[in-house]
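Take a look at the structure below.
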Amino acid sequence: MDKNRLIEEATAFVRSELENEASGHDWWHIARVTKMAKHIAEQEGADVFICEMAALLHDIADEKLNEGGEEAGLKRVKDWLEVHQADNETINTIIEIISTMSFKGGNHPPMTTLEGKVVQDADRLDAIGAIGIARTFAYAGAHGDLIYDPAIHPREKMTKEEYRAVKTTAVNHFYEKLLKLKNLMNTDTAKEMAEARHQLMEDFLQKFYHEWEGNL
Ligand code: ADP
Ligand code: NI
């Protein structure tokens with residue numbers, strides 16, 4: 001198994017798949033997460049190759065991008081890895097990481113491998129801080145949500161009915177998810193990096209409300 005060739009081919013594959021995606025899973029998200037996963041893997045002594053491959057492929061299986069849902073998405077990744085002659089052990093580890101990461105059940109199944117923890121942390125770091133703020137407002141705009149509505153803030157949990165009735169807002173998403181991510185980081189490296197990004201979001205929200213109230 002030629003690791004360098006696999007990384008190169010996976011990069012080209014994912015880039016062409018997600019280049020024109022604006023759903024929050026665009027190629028640049030993948031590029032940032034892959035770079036971050038590599039960095040965390042080096043710091044934590046994880047397998048850098050596995051982390052890079054899983055980061056590159058982590059959103060290919062997303063149900064939003066696959067007609068047959070997540071299952072079909074995972075099969076696509078597995079087929080791709082087989083065709084490109086990855087070892088069975090490599091394939092199984094990558095599929096295990098991606099399927100756990102994309103689990104949307106809400107009760108966060110823990111990652112079983114250090115490599116999975118690393119890639120999950122890298123993905124979560126990309127959801128907070130300056131980039132996280134930008135992605136949140138881009139997502140809200142794309143889904144027709146308001147930037148803020150004092151009537152629905154803050155709500156950490158909304159029922160499906162509430163979501164349908166009032167939708168959510170970009171600012172509310174901070175309370176639903178983003179401000180919780182700091183405490184969900186697996187590795188010490190990511191925990192440390194999350195601190196400054198978390199503080200930036202707290203500062204941003206404070207300024208946001210300040211200006212919202214018309215304060216000078
Ligand atoms: P991922 O599982 O890779 O984080 P998501 O599809 O959940 O992908 O989210 C993509 C981006 O959009 C993330 O930055 C996320 O925080 C943001 N996002 C997800 N849901 C909302 C929402 N309801 N309002 C605003 N931003 C959102
Ligand atoms: Ni992602």
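Quick note: the coordinates plus some simple rules give every number you see, no bench work behind them. Since the model is a prediction, treat every value here as computed from it, not as a measurement. Note that we place each Cβ from the backbone using ideal geometry, even for glycine, and neighbour counts take in every protein chain shown.
Contour minus end-to-end for Thr159 and Glu71, with contour as 0.36 nm per residue of separation and end-to-end as the Cα-Cα distance?
Numbers: separation 88, 0.36 × 88 = 31.68 nm, distance 2.60 nm.
Fully extending the segment from Thr159 to Glu71 adds 29.1 nm.
Based on the Cβ-Cβ distance from Asn4 to Asp26, what FRET efficiency comes out when R0 is 35 Å, to the nearest 0.05?
Numbers: r = 25 Å, r/R0 = 0.71.
It comes out at approximately 0.90.
Bin by bin, in steps of 10 Å, what percent of the Cα pairs in the chain do you find, going until the bin that has the longest distance?
Distribution as computed: 8, 31, 35, 18, 6, 1, 0 percent.
For segment 110-149, compute Rh as the Kirkwood radius over C-alpha pairs and then the Stokes-Einstein diffusion coefficient at 10 °C and 1.306 mPa s; write the answer in µm²/s, rounded to an integer. Could you put the intermediate results ahead of the total?
On the way: Rh = 11.6 Å.
For these conditions, the coefficient is 136 µm²/s.
What ³J(HN,Hα) values, in whole Hz, does the Karplus curve 6.51 cos²θ - 1.76 cosθ + 1.60 give for segment 122-134 when θ = phi - 60°, with x put for Gly and Pro?
4, 5, 5, 5, 6, 9, 10, x, 4, 5, x, 4, 4
Could I have the simple spin-label model distance between Arg15 and Asn88, label points 7 Å from Cα toward Cβ, reported in nm to one decimal?
Each label point is offset 7 Å from its Cα along the Cβ direction, giving 3.3 nm.
Quick one: among Ala72, Ala170, Ala122, which has the greatest mean-square fluctuation in a GNM of the chain with alpha-carbon springs under 10 angstrom?
Among Ala72, Ala170, Ala122, the largest GNM mean-square fluctuation belongs to Ala72.
Compute the angle between helix 48-57 and the longest alpha-carbon principal axis of the chain, please, reported from 0 to 90 degrees and rounded to the nearest 10.
Relative to the chain, helix 48-57 is tipped by roughly 60 degrees.
Could you give each residue of segment 30-44 its phi-based ³J(HN,Hα) in whole Hz, using Karplus coefficients 6.51, -1.76, 1.60 with θ = phi - 60°, and x for Gly or Pro?
4, 4, 5, 5, 5, 4, 5, 5, 4, 4, 5, 4, 5, 5, 9
Can you spot the aspartates and glutamates whose alpha carbon is less than 20 Å from Lys180's alpha carbon? Ignore those fewer than 8 places along the same chain.
The reachable aspartates and glutamates, counting only those whose Cα sits under 20 Å from Lys180, are Asp121, Asp123, Asp126, Glu156, Asp188, Glu192, Glu195, Glu202, Asp203.
Could you work out [θ]222 nm for the chain from helices alone, using -39500 (n - 2.57) per DSSP H run of at least four and dividing by all its residues? Round to the nearest 500 deg cm²/dmol.
On the way: 10 runs with 138 residues, N = 216.
When only DSSP H runs of four or more count, the value is -20500 deg cm²/dmol.
Where q = 0.14, 0.15, 0.21 Å⁻¹, what log10 of I(q)/I(0) comes from the Debye formula for segment 127-216, counting one point per Cα?
Normalising to I(0) and taking log10 leaves -0.53, -0.60, -1.06.
Rank these for me by crowding, Thr168, Thr11, going from fewest to most other beta carbons within 10 Å.
Details: Thr168 20, Thr11 17.
Final ranking by Cβ density, sparse to dense: Thr11, Thr168.
Along the principal axes of its C-alpha atoms, what lengths does segment 1-107 span, in descending order and rounded to whole Å?
The principal-axis extents, from largest down, are 33, 31, 27 Å.
Counting other beta carbons within 10 Å of each residue's own, what order do His84, His58 fall into, fewest first? If you can, show how the numbers build up before the last one.
Working: His84 15, His58 26.
Result, fewest neighbours first: His84, His58.
Counting other C-beta atoms within 10 Å, which of Lys38, Lys180 has the fewest, and how do the rest follow? Before the final figure, lay out each step's value.
Working: Lys38 18, Lys180 14.
Listing Lys38, Lys180 from fewest to most nearby Cβ atoms yields Lys180, Lys38.
Tell me, in nm to one decimal, what length is gained between Leu184 and Glu96 on full extension, where the rule is 0.36 nm per residue of separation less the Cα-Cα distance? Intermediate values should be presented prior to the final figure.
Details: separation 88, 0.36 × 88 = 31.68 nm, distance 1.93 nm.
Full-extension gain reported as 29.7 nm.
What is the distance, in nm, between label points placed 7 Å from the Cα along the Cα-to-Cβ direction at Ala196 and at His210?
2.1
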